[in-house]
Amino acid sequence: MSLTQGFCPKCGAPSDNGELCGKCKAKDLVWVEIPARLECTICPSCDSVKTSGMWSDSAITREDLSYTLVETSIKIHPDVKNVQKSISIRDTSSNRSLATVLVIGELYGIPVEHTAKIKFVWVHEQCDRCSRIMGSYYEGVIQVRATGRKPTAFEIRRAGEIAYQIEDQMQNAGDRLSFVSDVEETKDGVDITYSSQAIGTAIAHDIVGALGGSYTTHPKLIGEKNGIRLYRVTYSLRLPHFSRGDVIFREKGYFQILRQNKDTVFVKDLKTGLNRSFRENDDDPLIGNIRSPEAGTIIYRDAGLIGILDPQTNEVLEAPDRNWIEAYEGQNLLFLRHKDTIIPLGVETPEDES
């Protein structure tokens, strides 16, 4: 035995420098703490979790959540090495679970082991978002209309898609109380009911960005809370006279509407394929829209003409050839009709066919 080796003052076993031996230190130390009861508040409608009074979305199942909560509730002394944990959980009722926890490790060279049971209580409470949804809460409406016409089916569908895309973005960013309450088609267009001014502004802005037009806001005072005035805001969103994709006739030519800015129309010249712009004129004849063309099989392309099979009569029609259109025999040419004129729009693609 080394002359520098001491003895444990409690049990007399050999120890370094006369300190408590590993066995005595381990015996007197609370090396693991496991609560006897855990409680978790969840929303029965959307499975959101309430923590410290705040609701948050949960992307995991209740089973995975229970294991995570048990795991994080176990407190182990930093001197314990080679820790291993075993957790098993079973439901005893719809709002009760029982967790059995086994923890083993090594403390000051001494193997340690502890088993405990945790009573798990699930508290079901409607979250802030679901309570608003169930209560038909809203802060305003976006009324999507069009100048001199009803919005097209595409515009109505696209407005709804944009609204729900914005909702997803804001929910993913943690803004739980920004949601779309309803999207309802009306005889004049579509009404989008929203829950917060933040999402209302974002939706109106993005619809105008995607479909053109402009909007005005009309706030209405509905009350006061904690000294703050509460308003419901109606967005009157007016789409342009022509929708994107419309083909109009002007100056003996045909032009596809690309976008509009105030009273300026940005178009594609269907003769040259080049883009240009001019002042908006609601009197320009509307020929059709590129989303609802006809398609005819190309029979030949020669001498400045494209011969196609008329899908209505099976006779050969001739359309003016356009350098910007890359087309070959056997392909389908998309076109619109204007009186006796065939207006080529391009070649049908797999996306068009679907």
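The values are calculated or read from the model by the stated rules, or taken from the named source; none is laboratory data. The structure displayed is predicted, hence computed values, not measured ones. All Cβ positions, glycine included, derive from the backbone under ideal geometry; neighbour counts span all protein chains shown.
Taken over segment 291-326, the criterion of being part of a loop (DSSP other than H, G, I, E, B), of a type outside the set (Asp, Glu) and over 30 Å from residue 158 (Cβ atoms) is satisfied by 303, 304, 313, 314, 323.
The number of residues in segment 209-220 being touching a strand residue (DSSP E or B) at 6+ places or on another chain (Cβ under 6 Å) and either at pLDDT below 90 or outside any strand (DSSP E or B) (or both) comes to 3.
Each row is one residue, and each column tells you yes or no for (1) in contact (Cβ under 8 Å) with a residue 12 or more places away in the chain; (2) out of contact with any Cys (no Cβ under 8 Å at 6 or more places or on another chain); (3) basic (Lys, Arg).
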| residue | (1), (2), (3) |
| --- | --- |
| 313 | no, yes, no |
| 329 | yes, yes, no |
| 337 | yes, yes, yes |
| 342 | yes, yes, no |
| 349 | no, yes, no |
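Once segment 275-311 is narrowed to residues that are touching a residue at least 60 places away in the same chain (Cβ under 8 Å) and not acidic (Asp, Glu), the residue that is surrounded by the most Cβ atoms within 10 Å (Cβ to Cβ) is 289. The residue that is surrounded by the most Cβ atoms within 10 Å (Cβ to Cβ), counting only those in segment 136-150 that are under 25 Å from the mean Cα position of the chain (by Cα) and free of Cβ contacts under 8 Å to residues at least 60 places away in the same chain, is 137.
Assessment of segment 151-163 against the conditions (of a type in the set (Phe, Trp, Tyr), over 23 Å from residue 189 (Cβ atoms) and surrounded by 13 or more Cβ atoms within 10 Å (Cβ to Cβ)) yields no matching residue.
Just one of the numbered conditions (1) of a type in the set (S, T, N, Q); (2) under 28 Å from residue 132 (Cβ atoms); (3) in contact with a Gly (Cβ under 9 Å, 6 or more places away or on another chain) is not true of residue 95: (3). State yes or no: is residue 259 of a type outside the set (S, T, N, Q), within 30 Å of residue 141 (Cα to Cα) and in the same structural domain as residue 199 (by TED's automatic domain parsing)? No, not satisfied. Scanning segment 210-236 for residues that are of a type outside the set (Ser, Thr, Tyr) and under 23 Å from the mean Cα position of the chain (by Cα) yields 210, 211, 212.
Taking every residue in segment 45-72 that is small (Gly, Ala, Ser) and pairing it with any residue that is part of a helix (DSSP H, G or I), at least 6 positions away or on another chain, the pairs with Cβ-Cβ distances below 6 Å are 45/130. I'd like the full set of residues that are buried (at least 16 other Cβ atoms within 10 Å of the Cβ), more than 17 Å from the chain's Cα centre (by Cα) and small (Gly, Ala, Ser), limited to segment 175-209. Result: 189, single match. Given the criteria over 24 Å from residue 278 (Cβ atoms), out of contact with any Cys (no Cβ under 9 Å at 6 or more places or on another chain) and small (Gly, Ala, Ser), does residue 243 qualify? No. Screening residue 222 against (1) farther than 30 Å from residue 270 by Cβ; (2) touching a helix residue (DSSP H, G or I) at 6+ places or on another chain (Cβ under 6 Å) leaves a single unmet condition, (2).
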